[in-house]
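Report on the structure given below.
The values are calculated or read from the model by the stated rules, or taken from the named source; none is laboratory data. Keep in mind that what you see is a predicted model, and the values were worked out from it rather than measured. Here Cβ is always computed from backbone atoms with ideal geometry, including for glycine, and neighbour counts include all displayed protein chains.
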Amino acid sequence: MVLFVERLAWMAADRGEGERGAALLGAAHRLWPLVGGQSLINFQPYVTAHEECVRQVRLALGERGFVAAFDRGAEFDRDQAIAYALGEDAHGTPAAAEDNPLAVLTPRERQVGELITEGLSNKEIAARLVITPRTAEGHVEHILIKLGFTKRAQLAAWYADRQSRDE
């Protein structure tokens, strides 16, 4: 679990999401003692990737911004860290859902939603995202449930409408 949170921090840093990256680093820092401490990872590629993430995030946020975001993540308990890593706020509710209905979707679900809008089938979505068709089907089902739709066509129309309004 802690490696998952740490890896998500690296991915956030690579995407230029400094605050999220720092918060995830803080959450991972808090979780490490639960699995025996970070000293379990002495694998040089891991150390290099971790240090690069810290460097990128510090550069993006500055030292004060980095420390503030890191400390915020370090305050999360295990469940809050997992919720945040999954794109939910620290209380387990989707972040900013009131302002943006797409906020209830994970980043991957938003990708799938965009591909549905392009008219792709589950099999085509799976090929494009390099996932199994069953995984794609699961994402589609979750999206429909979260947004209150029963058919892909409803979702595609709604998603396309949102995108045109946002442009």
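Does Gly65 meet the test of being modelled with pLDDT under 85, more than 19 Å from Leu3 (Cα to Cα) and either touching a Leu at 6+ places or on another chain (Cβ under 8 Å) or part of a helix (DSSP H, G or I) (or both)? Please lay out each step first, then the result.
On the way: modelled with pLDDT under 85: yes; more than 19 Å from Leu3 (Cα to Cα): yes; either touching a Leu at 6+ places or on another chain (Cβ under 8 Å) or part of a helix (DSSP H, G or I) (or both): yes.
It is true that Gly65 is modelled with pLDDT under 85, more than 19 Å from Leu3 (Cα to Cα) and either touching a Leu at 6+ places or on another chain (Cβ under 8 Å) or part of a helix (DSSP H, G or I) (or both).
For the condition acidic (Asp, Glu) and out of contact with any helix residue (DSSP H, G or I) (no Cβ under 9 Å at 6 or more places or on another chain), what is the one hit in Glu114, Glu124, Glu141?
Working: Glu114 fails: out of contact with any helix residue (DSSP H, G or I) (no Cβ under 9 Å at 6 or more places or on another chain); Glu124 fails: out of contact with any helix residue (DSSP H, G or I) (no Cβ under 9 Å at 6 or more places or on another chain).
None of the others qualify; the one that does is Glu141.
Considering only residues of the range 54-72 that are of a type in the set (Gly, Ala, Ser) and within 19 Å of the chain's Cα centre (by Cα), which is nearest to His29 (Cα to Cα)? Reasoning before the result, please.
First, pick out the residues of the range 54-72 that are of a type in the set (Gly, Ala, Ser): 60, 62, 65, 68-69.
Remaining after also requiring within 19 Å of the chain's Cα centre (by Cα): 60, 69.
Numbers: Ala60: 20, Ala69: 12 Å.
Among them, the one singled out is Ala69.
So is Glu51 without any contact (Cβ under 8 Å) to a residue 12 or more places away in the chain, surrounded by fewer than 19 Cβ atoms within 10 Å (Cβ to Cβ) and either of a type in the set (Val, Ile, Thr) or assigned to a helix (DSSP H, G or I) (or both) or not? Explain how you work it out, then say what you get.
Numbers: without any contact (Cβ under 8 Å) to a residue 12 or more places away in the chain: yes; surrounded by fewer than 19 Cβ atoms within 10 Å (Cβ to Cβ): yes; either of a type in the set (Val, Ile, Thr) or assigned to a helix (DSSP H, G or I) (or both): yes.
Taking the combined requirement at face value, the residue satisfies it.
I'd like the full set of residues that are assigned to a loop (DSSP other than H, G, I, E, B) and under 21 Å from Val104 (Cβ atoms), limited to the range 119-142.
First, the residues of the range 119-142 that are assigned to a loop (DSSP other than H, G, I, E, B): 119-121, 130-132.
Ile131 - this is the single residue of the range 119-142 that is assigned to a loop (DSSP other than H, G, I, E, B) and under 21 Å from Val104 (Cβ atoms).
Consider Leu31 carefully, then state whether it is closer than 27 Å to Arg110 by Cβ and either at pLDDT below 90 or over 18 Å from the mean Cα position of the chain (by Cα) (or both). Please lay out each step first, then the result.
Working: closer than 27 Å to Arg110 by Cβ: yes; either at pLDDT below 90 or over 18 Å from the mean Cα position of the chain (by Cα) (or both): yes.
Against the criterion (closer than 27 Å to Arg110 by Cβ and either at pLDDT below 90 or over 18 Å from the mean Cα position of the chain (by Cα) (or both)), Leu31 qualifies.
Right, His139: modelled with pLDDT under 90 and over 30 Å from Leu34 (Cα atoms) or not? Can you show your working first?
On the way: modelled with pLDDT under 90: yes; over 30 Å from Leu34 (Cα atoms): yes.
Yes, satisfied.
The rows are residues; the columns are (1) small (Gly, Ala, Ser); (2) at pLDDT 90 or above; (3) under 24 Å from Asp79 (Cβ atoms).
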position: Ala97; (1), (2), (3): yes, no, yes
position: Gly119; (1), (2), (3): yes, yes, no
position: Ile145; (1), (2), (3): no, no, yes
position: Lys151; (1), (2), (3): no, no, no
position: Tyr159; (1), (2), (3): no, no, no
position: Arg162; (1), (2), (3): no, no, no
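Yes/no matrix, rows are residues, columns are (1) at pLDDT below 85; (2) within 27 Å of Lys146 (Cβ to Cβ); (3) of a type in the set (Asp, Glu):
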site: Glu19; (1), (2), (3): no, yes, yes
site: Gly26; (1), (2), (3): no, no, no
site: Val35; (1), (2), (3): yes, no, no
site: Gln44; (1), (2), (3): yes, no, no
site: Leu86; (1), (2), (3): yes, yes, no
